[in-house]
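Handing you this structure, nothing more for now.
The values are calculated or read from the model by the stated rules, or taken from the named source; none is laboratory data. Just so it is clear, the model here is predicted, and its values are computed rather than measured. Every residue, glycine as well, gets a Cβ built from its backbone with ideal geometry; the counts of neighbours run over all protein chains shown.
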């Protein structure tokens with residue numbers, strides 16, 4: 001089975017030229033298909049149904065974060081096997097210092113029957129490569145207990161002395 005990891009499509013911005021309208025419609029159709037695939041994976045993960053309204057909610061969520069959220073899909077043919085997401089956070093500017101950004105990794109999921117085949121690692125590798133390419137200072141995530149070893153193999157650490165000045169504190173509300 002050939003697995004492809006790619007960035008999920010987003011809706012096209014408003015086309016200004018008539019020749020761009022056809023391309024915008026194609027991009028919108030691809031974005032609809034990807035939003036449906038992401039909704040289906042999310043529903044499998046959370047035990048719900050990926051009905052029409054949920055797919056619309058998913059597309060709205062994807063569009064709402066604009067360019068700051070990127071979602072990757074792992075597919076084999078027309079079947080979505082897994083997904084991963086990264087949201088970009090931008091630090092408040094500091095005088096005489098370059099801008100700093102970091103990524104929050106979330107929504108990593110692979111269909112249960114396809115786990116253990118490197119799909120999650122391929123998704124995470126794509127996310128890490130994009131973060132490096134974008135010049136992020138760090139990646140942060142909040143894994144389930146079962147996923148800690150997976151992320152540790154990829155170089156993620158629990159904040160302690162080995163994390164240097166990186167600290168993540170959480171307060172449940």
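From the list 136, 109, which residue is surrounded by 15 or more Cβ atoms within 10 Å (Cβ to Cβ), part of a loop (DSSP other than H, G, I, E, B) and modelled with pLDDT of 90 or more? Spell out the reasoning first.
On the way: 109 fails: part of a loop (DSSP other than H, G, I, E, B).
One residue alone meets the criteria, 136.
Next question. Going through 49, 91 one at a time, which residue ends up being in contact with a helix residue (DSSP H, G or I) (Cβ under 7 Å, 6 or more places away or on another chain) and farther than 19 Å from residue 5 by Cβ? Lay out the reasoning, then the answer.
On the way: 91 fails: in contact with a helix residue (DSSP H, G or I) (Cβ under 7 Å, 6 or more places away or on another chain).
Of 49, 91, the one residue that is in contact with a helix residue (DSSP H, G or I) (Cβ under 7 Å, 6 or more places away or on another chain) and farther than 19 Å from residue 5 by Cβ is 49.
Of the numbered conditions (1) outside any loop (DSSP other than H, G, I, E, B); (2) under 19 Å from residue 44 (Cα atoms), residue 117 satisfies every one except a single condition; which is it?
That leaves (1) as the condition not met.
Do you know which of the residues in the stretch 94-103 that are over 13 Å from the mean Cα position of the chain (by Cα) and assigned to a strand (DSSP E or B) is surrounded by the most Cβ atoms within 10 Å (Cβ to Cβ)?
The first filter runs over the stretch 94-103 and keeps only residues over 13 Å from the mean Cα position of the chain (by Cα), leaving 94-102.
Subset that is assigned to a strand (DSSP E or B): 101-102.
Numbers: 101: 15, 102: 18.
Once the filter is applied, the top-ranked residue is 102.
For the stretch 31-47, what are the residues that are free of Cβ contacts under 8 Å to residues at least 24 places away in the same chain and either assigned to a helix (DSSP H, G or I) or under 16 Å from residue 70 (Cα atoms) (or both)? Outline the logic, then answer.
Let us first name the residues in the stretch 31-47 that are free of Cβ contacts under 8 Å to residues at least 24 places away in the same chain, namely 36, 39, 43, 46-47.
Residues satisfying the conditions are 36, 39, 43, 46.
Against the conditions (1) closer than 18 Å to residue 137 by Cβ; (2) under 10 Å from the mean Cα position of the chain (by Cα), where does residue 91 fall short? Just the number, please.
Residue 91 satisfies every listed condition except (2).
Within 18 Å of the chain's Cα centre (by Cα), modelled with pLDDT of 95 or more and surrounded by fewer than 13 Cβ atoms within 10 Å (Cβ to Cβ): is that true of residue 122 in this structure? Walk me through how you get there before you give the answer.
Values: within 18 Å of the chain's Cα centre (by Cα): yes; modelled with pLDDT of 95 or more: yes; surrounded by fewer than 13 Cβ atoms within 10 Å (Cβ to Cβ): no.
Spelling it out, it is not the case that residue 122 is within 18 Å of the chain's Cα centre (by Cα), modelled with pLDDT of 95 or more and surrounded by fewer than 13 Cβ atoms within 10 Å (Cβ to Cβ).
Does the stretch 67-89 contain at least one residue that is at pLDDT below 95, surrounded by fewer than 16 Cβ atoms within 10 Å (Cβ to Cβ), on the phi < 0 side of the Ramachandran plot and in a helix (DSSP H, G or I)?
yes
Here is a follow-up. Within the stretch 148-157, can one find any residue that is surrounded by 17 or more Cβ atoms within 10 Å (Cβ to Cβ) and modelled with pLDDT under 95? Before the answer, list the steps.
Filtering the stretch 148-157 down to residues surrounded by 17 or more Cβ atoms within 10 Å (Cβ to Cβ) leaves 151, 156.
Then drop every residue that is not modelled with pLDDT under 95, which leaves 151, 156.
Yes, the conditions are met somewhere in the stretch 148-157.
Does residue 62 satisfy the criteria of being in a strand (DSSP E or B) and either farther than 18 Å from residue 140 by Cα or in contact with a strand residue (DSSP E or B) (Cβ under 7 Å, 6 or more places away or on another chain) (or both)? Can you show your working first?
Values: in a strand (DSSP E or B): no; either farther than 18 Å from residue 140 by Cα or in contact with a strand residue (DSSP E or B) (Cβ under 7 Å, 6 or more places away or on another chain) (or both): yes.
Here the answer is no, as residue 62 does not meet what is asked.
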